[in-house]
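In what follows, a structure is listed as structure tokens, so that the remarks can point back to it.
Here, each number is a calculation from the coordinates, and none is a lab measurement. Not measured: the values here are computed from a predicted model. Methodologically, a virtual Cβ is constructed for each residue, glycine included, from the backbone with ideal geometry; neighbour enumeration extends over all protein chains shown.
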Amino acid sequence: MEKLQSSLLFLAAMACVLMEQTNSMSHIVGGSFGWSIPKNSSFYQEWAKPRTFGVGDKLVFPYRTGVHNVLEVDEKEYKACTQENPIDMLYKGPTILELKKKGSYYFYCGVGTHCEAGQKLAVTVTIDGSGSSGAPFNPVFEPAPAPALNSTKSSANSIHNLGLVSGLVYLLVSMFI
């Protein structure tokens, strides 16, 4: 009986650890368009507008190495598209960046005049924990308004959590049979 109790405690602890890891969300920058030169200069801000970004979330910049890059800069350099004092320069695509604290983050492509053409993104991390993907992004139509901070988490997280819980229940039941 003692072995069973320690096994159940271990499984419960593992479930908590696994559930905690699903609280972050990966945002694919630009959706299916990816990280490239957009047709209009407001494309990436329109993509970001309905989303909520949380501490621990990740930004995934999908691009081919050698064609684009990702520079993290301050607000002044973001607005001017200058490369005088970048915070970070990343050249291997796809680039995945974790949003580690609340605040504003500024990114652009430093290749040629890509930044001036609109290949730039500013996001604000406003909450601890998971962000949300907001309404589906459609660059042809006006984006939906930003969701409330307590909005429902993405369905991918819910499905992942359901799979974890059902797997643990199956494991527990099989121990008693």
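The calculated FRET efficiency for the pair Glu84 and Asn40, based on their C-beta separation and a Förster distance of 45 Å, comes to about 0.95. Taking amide H as placed 1.01 Å from N in the peptide plane, Asp74 has its amide H under 5 Å from the amide H of Ile87, each at least 5 places away in sequence or on another chain. FRET efficiency for Val60 and Lys100, Cβ-Cβ distance as r, R0 = 22 Å, nearest 0.05? That pair, Val60 with Lys100, gives E of 0.90. Within the shell of other residues whose beta carbon sits under 15 angstrom from the beta carbon of Gln119, the net charge comes to 0, with Lys and Arg scored +1 and Asp and Glu -1.
Only Cα pairs under 8 Å and 6+ residues apart enter the sum, and on that basis the relative contact order of the stretch 24-134 stands at 38 percent. Just name one of Ala122, Pro38, Gly103: the one whose Cα is farthest towards the positive end of the charge dipole of the stretch 24-134 (beta-carbon charges, Lys/Arg +1, Asp/Glu -1). Selected residue: Pro38. Under 5 Å from the amide H of Asn69 lie the amide H atoms of Gly110, Val111, each residue being 5 or more positions distant or on a separate chain, with H modelled from the backbone and absent for Pro and chain starts. Near the amide H of Leu121, within less than 5 Å, lie the amide hydrogens of Phe107, Tyr108, all on another chain or at least 5 residues away, with H placed in the peptide plane. The 3J(HN,Hα) values that the Karplus relation (6.51, -1.76, 1.60; θ = phi - 60°) gives for the stretch 81-92 are, in residue order, 6, 9, 10, 6, 8, x, 6, 8, 10, 10, 10, 9 Hz. Gly and Pro appear as x. For the stretch 36-53, backbone phi angles converted through the Karplus equation (6.51, -1.76, 1.60; θ = phi - 60°) give residue-by-residue couplings of 8, 6, x, 6, 9, 6, 9, 3, 6, 6, 5, 5, 6, 3, x, 9, 10, 10 Hz, Gly and Pro being listed as x. A crude spin-label estimate for the pair Lys76 and Glu116, with each label 7 Å from Cα along the Cβ direction, gives 2.1 nm.
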